[in-house]
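What follows is a single structure, written as structure tokens, with notes after it.
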Amino acid sequence: MKKGKNTSLQKISRWIMAASLSLLSLPSAYAQREMQTINDSWKFLKAECPAAADSAFDDSRWTDIHLPHTWNTDAYTEKDYYRGTGWYRRRITLPAHWQGKQIFLRLDAASKAATLYINGQKIGEHAGGYTACTFNITPYLSYDSPNVLSIRVDNARMDIPPISGDFTFFGGIYRDVWLTAVPDQHFHLTNHGSDGIFISTPQVSEEQATLAIRGEIKNEAHEKASLELTHAIYHPDGTLLQTLKKNIQLKAGETYAFLNETAPILHPKLWTPETPCLYRVETTLRDRKTRVLLDRSNHHAGFRWFRFDPDKGFFLNGQPYKLRGICRHQDQKPIGVALTDEMHRRDMELMKEMGANFIRISHYPQDDALLEMCDKLGMLAWEEIPIIDIVPDTPGYSDNCERNLCEMIRQHYNHPSIIIWGYMNEILLVTQRRYKTEAELKPAIERTLALAQRLERVLKEEDPTRVSTMAFHGSNSYNETGLSQITDIVGWNLYQGWYGGGFTGFERFLAEQHRDYPTHPMIVSEYGAGSDKRLHSLAPRAFDFSIEYQQMYLEHYLPVMEETPYVCGGTHWNFIDFSSALRDESMPRINNKGMMYADRTPKDVYYYYKAAWRSDIPVLHIASRDWTHRSGVRHGDAPVMLPVKVYSNLPEVELFIDGKPIGKQKTTNYTACFEVPFSGKEPFLSAHGTYQGKPVSDGLKVRFSPVPAQLDASRLEGLELAVNVGSQCFFTSDESLLTWVPDQPYTSGSWGYIGGKEAGTQTEIGHTADGPLFQTLRNGIEAYRFDVPQGIYEVELIFADIFRQQSSAAYLLGRGNGQENRENTFGIRINGQTVEDALAPCKESGYFQALRKKYIVENETDHLEIKFQALGGSCFLNGIKLRKVY
Ligand code: GCB
Ligand code: CA
């Protein structure tokens, strides 16, 4: 606001201030619960520092940070990201009017474990990086001087889940920290990090429903209290429906438990993802004599019922309902898990926009802001604790699992969106790999079964109103060991056509499970394929990381889930490209199976889902946002034919390039694919259709830079002919924007490889940002030939020796490198001239390291031929680039 122009506004705000001040002076104004975050102005040290617990410790040289915070942005560059201790410190000056109240400190999440000190005294600890904890800190506080809060956080603990998994275990205090002040009589705020009130719907049908409100009240005073407990139930439209009142007497120090049920609410407005009608339950506590309001809490409640049927799938409020879902990790490059609430809310909006009605909150409990959005936007939810890959026999581990499960359930109990609690993911994956002999495996399986049974029991005690689940990888051993018999429903993480096998293995697996275990309701709890928009292919295959393969994979999977009645639904893996520090592949440190990039830009495939799942709005999307830099091999002056896909829920789509019609097509599986002639440098693609009689269109400009099949003088002008040797993928560097075209065999009058066969690796390549280019090569290559006129050329050869055995990461599900160990040395001659006597890329730059070499050669013939001769091991080439200089 500009100065000078705001006098009337200033007056108004002064008036409001005065009014609110006078409100504050009413006798009851200070009495009720007050809450505020303390996220700003912390000091942080990434190291162990026991002395920092002491209030007199000098932290002036520590880093200034604000919460949410993580110390693991190193996970975007280092596999071996920091796992250890970090200390946080902050001074807290308490408002004078909090004196005499009970003060609580809540950490929404500190990963993985936190130990808290106030003014040098230990107030408690919490084990678990994804659930909240609350402490009553009243006895430690001073009102005369600032209080010093020190928190030691540790993300190295191996007795706290997760201890294994395909994601980064970010350390830090990465959610809000809250201070709450309440009078001596209040709800039970330290009940496993919940607020001590639990709402359920004992009766619910279209005709009538009731709410049961359960909770505890504490009297921390030294004298008895005479209180009035009230529940006010509000309709979604805001009108007050019912008030329940109860008088209670509490002795000094007593905790009082209550359970009250409302009178029937007739014809309740049901909660569904399409109609997320929320009732409000306001629970208040008053002093009976003074009428002073002591504590008050608000919750939403929704009326819905559901069941999972092994033959007919999922039912919501009595109607068959397909669960159309996604799994969501909670990070965002480059900030790690230190997301603000609005970032979590944005994710929910994006999922909802896409038409999803279900989220698997994987693999751990997430921010309260996310759950609030599930209720409000309408998104059914599965939430789980992170017991992944293997159950260790580490002392304390099982107890921590159980406590984390209770915390998750109690903290998120009042979200009608939640229908499923989960507690294990692919628990036999690493188990079976680590324990090879029967003797070793048996106790591990027994331990796993025992923990699952224990958690199942606790889950049902805590919450009999939801169903339990685990997510399995595609192995029948979950049935053979009896694990699949423990939970109400089973989740299958299926990757047929990615980690192995073909697409149709997916439906076969589901059909076999349904046949052999006909009583198990099933969800496809994960499925997905990696993609990298630098990679494109006209012949996509598994693990090429092309955008096209991911699309093909998902276009196969989605209809299977939609059309198979016994499949309750599916959750795509993953919503985003997420942080997995241990991963290599095309984008090291990132698992790129997202339908969105890390920054939440949608991949084109997001619109496939949107087209399939939204029928209330037109969806028409030219699926080429991920492929804006196109290339291809051009024969003479003929245009290059390239596919252009359109995702749409319209029955028919027409495509144009630079205004010229390409044709009309009926969409099948929400897809229309056109073969489009590309010739100009910046063609404009447009698509048109009709939705409910109204025209709908989409358009975008792409870049087109073809390479010639015949390298005659005129075509060599200004040309940089870059070939992704050993690959059928176009690779566009995001640093230079140069496209390396797929390789081709040499034919007379053109260019290409002679001899050898394709090979590749998933291992990260050092010293380059263009990893995928180096990860594929032609092994045993004899020569590379360009039929070019005389002149002076620059020939660039690129190498990375991948022939060394690597230990394969568990997540690759057996899809390891399986590479033989060898040292490759070869000679290179260009047009008969030796340019390398004995080149060993593994020595010159190291195994899995990029090596680029340029040679300037004079060609006096009608071709350039680069010949390789093996001296040890075999010859290989990862990429080649040719430029005519003179
Ligand atoms: C799985 C895991 C998940 C991985 C995913 C993958 O089955 O449950 O944590 O990230 O596969 O991408 O391999
Ligand atoms: Ca290559």
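Shape class of the chain from the alpha-carbon gyration tensor: prolate, with a/c at 1.5 or above and a/b greater than b/c.
Under the rule of -39500 (n - 2.57) per DSSP H run of 4 or more residues, summed and divided by the residues of the chain, what mean residue ellipticity at 222 nm is obtained, to the nearest 500 deg cm²/dmol?
Details: 13 runs with 141 residues, N = 886.
The per-residue figure over the chain is -5000 deg cm²/dmol.
Placing dummy labels 7 Å off each Cα toward the beta-carbon, the span from residue 820 to residue 399 is 5.4 nm.
Sorting the segments 78-85, 360-367, 737-744 by their mean number of nearby beta carbons within 10 angstrom, highest to lowest, gives 360-367, 737-744, 78-85. Taking the inverse of the mean 1/r over every pair of distinct Cα atoms in segment 209-368 gives a Kirkwood hydrodynamic radius of 19.1 Å.
FRET efficiency for the residue 315 to residue 263 pair, using the beta carbon distance and R₀ = 25 Å, is estimated at 0.35. Decide, for segment 728-792, between rounded, prolate and oblate: order the square roots of the alpha carbon gyration tensor eigenvalues as a ≥ b ≥ c, take rounded if a/c falls under 1.5, and otherwise choose prolate if a/b is larger than b/c, else oblate. The shape class here is oblate.
Charged side chains reduced to their Cβ positions (Lys and Arg at +1, Asp and Glu at -1) give segment 577-718 a dipole of some 280 debye around its Cα centre.
The residues of segment 618-700 present an accessible area of 46 Å² per residue when probed at 1.4 Å with all protein chains retained.
Using a Förster radius of 30 Å, what is the FRET efficiency between residue 125 and residue 63 based on their Cβ-Cβ separation? Nearest 0.05, please. Given R0 = 30 Å and the Cβ-Cβ separation, E is 0.80. Please report, as a whole percent, how much of the solvent-accessible surface of segment 435-518 comes from carbon and sulfur atoms (probe radius 1.4 Å). With neighbouring chains kept in place, the figure for segment 435-518 is 54 percent. Would you please state which residues of segment 645-659 a label at residue 691 would reach in this model, taking the label point 7 Å out along Cα→Cβ and a backbone N cut-off of under 13 Å? From segment 645-659, the list is 647-652. With 0.36 nm allotted per residue and the present C-alpha distance subtracted, the residue 54-residue 538 stretch has 167.9 nm of extension available. Between 418, 475, 673, the Cα set farthest toward the positive side of the dipole of the chain (charges on each charged residue's Cβ, about the Cα centre) is that of 418.
I'd like to compare 397-408, 574-585: which one has the highest average count of other Cβ atoms within 10 Å, and what's the full order after that?
Numbers: 397-408: 21.9, 574-585: 24.4.
Result, highest mean first: 574-585, 397-408.
Listed peptides 826-837, 238-249 appear in the order 826-837, 238-249 once ranked by packing, highest mean of other Cβ atoms within 10 Å at the front.
Distance between the 7 Å Cα→Cβ label points at residue 736 and residue 274: 5.4 nm. Using a simple spin-label model with pseudo-atoms 7 Å out from Cα toward Cβ, residue 158 and residue 97 lie 5.3 nm apart. Convex hull volume of the C-alpha atoms in segment 728-886, normalised per residue: 114 Å³. The overall shape of segment 151-273, judged from the alpha-carbon gyration tensor, is oblate: a/c is not under 1.5, and a/b is no greater than b/c.
Report the residues of segment 763-803 in range of a label on residue 863: point 7 Å along Cα→C-beta, backbone N strictly under 19 Å from it. What the label zone holds, given the 19 Å backbone N cut-off, is 781-796.
Whole-Hz Karplus values for segment 766-782 come out as x, 6, 7, 9, 9, x, x, 5, 8, 7, 10, 8, 9, 8, x, 4, 9 Hz, taken residue by residue from phi with 6.51 cos²θ - 1.76 cosθ + 1.60 and θ = phi - 60°; glycine and proline positions read x. Choose one of 766, 505, 71: the residue whose Cα lies farthest towards the positive end of the charge dipole of the chain (beta-carbon charges +1 Lys, Arg; -1 Asp, Glu; about the Cα centre). Selected residue: 71.
Between residue 782 and residue 563, what length in nm is gained on full extension when 0.36 nm per residue of separation is reduced by their alpha carbon distance? Working shown, then result.
Details: separation 219, 0.36 × 219 = 78.84 nm, distance 5.01 nm.
73.8 nm is the gain from fully extending residue 782 to residue 563.
What the phi angles of segment 861-867 give under the Karplus curve with 6.51, -1.76 and 1.60, with θ = phi - 60°, is a coupling list of 10, 9, 7, 10, 10, 9, 10 Hz, glycine and proline written as x.
Full extension of the segment from residue 239 to residue 641, taken as 0.36 nm per residue of separation minus the current Cα-Cα distance, would add 138.4 nm.
Of the complete DSSP H runs in the chain, those spanning 18 angstrom or more by Cα along the long axis with a mean Kyte-Doolittle score not below 0.5 are 7-24.
The values are calculated or read from the model by the stated rules, or taken from the named source; none is laboratory data. None of these values were measured; they are calculated from a predicted model. Virtual Cβ from ideal backbone geometry, glycine too; neighbours counted across all protein chains shown. Each accessible area value is taken on the protein alone, full model and side chains, heavy atoms only, with ligands, DNA and RNA left out. Shrake-Rupley method; radii C 1.70, N 1.55, O 1.52, S 1.80 Å.
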